[in-house]
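Written below as structure tokens is the structure these notes are about.
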Amino acid sequence: MMMKVPDHYFTQSAVIPYRHTEQGLEVLLITSRKRKRWLVPKGVKEPDLSPAQSAVAEALEEAGVEGRVSSSPLGAYKYRKWGGVCDVAVYTLEVTKTHDEWPECDRDREWVSPEEAARRVEQNELRRLIRLVQDSVG
């Protein structure tokens with residue numbers, strides 16, 4: 001039986017966490033809970049938060065990172081779930097703090113180059129956005 005989800009579940013936001021290192025720009029990927037696929041922190045936009053604030057909350061909850069979020073989205077993508085189509089606004093997040101423990105620390109997380117991150121994620125549109133990070137944040 002298909003679960004009926006509230007309409008606001010289809011409006012989502014995500015962040016592509018990044019940092020600058022001596023090796024260059026790195027992007028943080030996390031694994032999904034069930035299938036252990038590589039992805040970025042993402043979730044339903046909370047009704048009381050802006051899309052950017054909601055994405056920041058997901059970054060802390062799912063990846064254990066905090067930082068400065070971009071004021072406008074880098075882009076967006078859509079995917080099918082719950083019998084409908086989710087619309088995801090994607091922001092960049094310059095990571096300034098990484099926690100050793102976080103709410104969903106059962107997820108793996110790994111810093112990789114943008115090229116490696118784009119190779120690992122399955123979502124084509126997300127791949128494209130990860131490749132744009134280099135140009136948008138230098």
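Before moving on, here are some points about what is shown:
- Answer from GLU26, GLU61 - the residue that is outside any loop (DSSP other than H, G, I, E, B), crowded, with 17+ Cβ neighbours inside 10 Å and either without any contact (Cβ under 8 Å) to a residue 12 or more places away in the chain or of a type in the set (D, E, K, R) (or both): GLU26
- Residue satisfying condition, being exposed (fewer than 13 other Cβ atoms within 10 Å of the Cβ) and part of a loop (DSSP other than H, G, I, E, B), within set LYS97, LYS36: LYS36
- Restricting ALA57, ALA63, ALA52 to residues that are in contact with a Pro (Cβ under 7 Å, 6 or more places away or on another chain) and either at pLDDT 95 or above or under 17 Å from ARG107 (Cβ atoms) (or both) narrows the list to ALA63.
- Selection status of TRP102, among the aromatic types (Phe, Trp, Tyr), out of contact with any Ser or Thr (no Cβ under 8 Å at 6 or more places or on another chain) and surrounded by fewer than 16 Cβ atoms within 10 Å (Cβ to Cβ): no
- Residue match in region 1-10 (condition: open to solvent by less than 10 Å² (accessible area, probe 1.4 Å), closer than 17 Å to LEU126 by Cβ and either among the polar types (S, T, N, Q) or touching a strand residue (DSSP E or B) at 6+ places or on another chain (Cβ under 9 Å) (or both)): no
- Here region 39-56 is the region considered, the condition is being surrounded by fewer than 18 Cβ atoms within 10 Å (Cβ to Cβ) and out of contact with any helix residue (DSSP H, G or I) (no Cβ under 8 Å at 6 or more places or on another chain), and the residue that is nearest to THR92 (Cα to Cα) is GLN53.
The values are calculated or read from the model by the stated rules, or taken from the named source; none is laboratory data. Since we're looking at a predicted model, the values are computed, not measured. Here the Cβ is made from the backbone with ideal geometry for all residues, glycine too, and neighbour counts use every protein chain on show. For the accessible areas, the whole protein counts, side chains as well, though only heavy atoms, and no ligand, DNA or RNA atoms are used. Shrake-Rupley method; radii C 1.70, N 1.55, O 1.52, S 1.80 Å.
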